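The values are calculated or read from the model by the stated rules, or taken from the named source; none is laboratory data. What you see is a predicted model; the values in this text were computed from it and never measured. With ideal geometry, Cβ positions are generated from the backbone for all residues, glycine too; neighbour counts draw on all protein chains shown.
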Amino acid sequence: MTTIQVYDPQGKSHALKLDLSIQQKDVSQKNFACAIRVLLQNWRQGTVGCKSRGEVSFSNKKPWKQKGTGRARVSSLRSPLWRKGGIIFGPQARVRNLSINEKQNRLVLNNIFFAALEKKAIYCLDFDGDVQKPSTKKAADLLKGVGLDNRKVVLFLPFEDMVNFASFRNLSNVNVLSFDQPNAFDLSNGDCWVFFKKDLELFKEMVSQWN
């Protein structure tokens, strides 16, 4: 039986048992590294680029005649040897997509979840605040009350919970994720996971998929 701690805004806690049909599975470091590499590669925009000698906006006229001037021969102002000329073998805009199979991805998320569970880094907050108006100050005070103000927090919220999203998004130590978009990089990059007690069923549903 999986047990986590539920905290109120005053920092008091009590144990909560999660009825999850999930078992810990081993994953190799190679699989974990592959999952992270796939995410980082696919997040790249691939928009970097530069102009070759065929793309710079200079005349293609020969600056001076080939012979008789005593100067080095020059073919064009677009030459890469000249200032503002084209670039030789420069980076070009491109997109490279990598993929990972679903089973391997679930194994990695399973491993990250049980690692967080072992470190007691999963927090459930029983907080009934003002849901009508966003407040970053209240959000910061809430994290400070449970001792998470100086830790890297991964906060899970439903996609439609825009009030809490607006309250927590400006905190530099908080990374807000939706329950339908967990990924290995963000989950492993945080010190602790946080979700609200009202979203307990969503959290259990998300974690149960990593079996």
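Odds and ends about this structure:
- Just one of the listed residues (Val95, Val108, Val74, Val154) is closer than 18 Å to Leu39 by Cβ, hydrophobic (A, V, I, L, M, F, W, C) and assigned to a loop (DSSP other than H, G, I, E, B), and it is Val95.
- Arg73 vs. criteria over 30 Å from Met206 (Cβ atoms) and surrounded by 10 or more Cβ atoms within 10 Å (Cβ to Cβ): yes
- Of the residues in region 84-98, not one is more than 30 Å from Cys50 (Cβ to Cβ) and within 22 Å of the chain's Cα centre (by Cα).
- Residue, surrounded by the most Cβ atoms within 10 Å (Cβ to Cβ), within region 99-111, restricted to residues that are over 19 Å from Gln41 (Cβ atoms) and of a type outside the set (S, T, N, Q): Leu107
- Pairs with Cβ under 9 Å, 6+ apart, first in region 170-181 and in the same structural domain as Lys197 (by TED's automatic domain parsing), second among the polar types (S, T, N, Q): Asn170/Thr136; Leu171/Thr136; Asn173/Asn150; Asn175/Asn189; Val176/Asn164; Leu177/Asn183
- Evaluated against (1) within 25 Å of Leu39 (Cα to Cα); (2) without any contact (Cβ under 8 Å) to a residue 40 or more places away in the chain; (3) in a loop (DSSP other than H, G, I, E, B), Lys84 falls short on exactly one condition, (1).
- Val27 in contact with a Leu (Cβ under 6 Å, 6 or more places away or on another chain), in contact (Cβ under 8 Å) with a residue 12 or more places away in the chain and more than 27 Å from Leu200 (Cα to Cα): no
- Residues satisfying the stated conditions in region 154-171, i.e. of a type outside the set (Gly, Ala, Ser) and farther than 12 Å from Asp199 by Cβ: Val154, Met162, Val163, Phe165, Phe168, Arg169, Asn170, Leu171
- Filtered residue count, region 121-146, keeping only those that are within 30 Å of Ile22 (Cα to Cα) and either modelled with pLDDT of 90 or more or outside any loop (DSSP other than H, G, I, E, B) (or both): 6
- Restricting attention to region 140-168, the residues being over 16 Å from Leu200 (Cα atoms) and either of a type in the set (Asp, Glu) or not assigned by TED's automatic domain parsing to the domain that holds Ile122 (or both) number 2.
- Of everything in region 48-76 that is of a type in the set (Gly, Ala, Ser) and touching a residue at least 24 places away in the same chain (Cβ under 8 Å), the residue that is nearest to Ile87 (Cα to Cα) is Ser52.
- Residues being assigned to a helix (DSSP H, G or I), of a type in the set (Gly, Ala, Ser) and under 27 Å from Arg37 (Cβ atoms) - total across region 157-194: 2
- Complete set of residues in region 15-43 that are surrounded by 10 or more Cβ atoms within 10 Å (Cβ to Cβ) and at pLDDT below 90: Leu16, Leu18, Leu20, Ile22, Gln24, Lys25, Val27, Ser28
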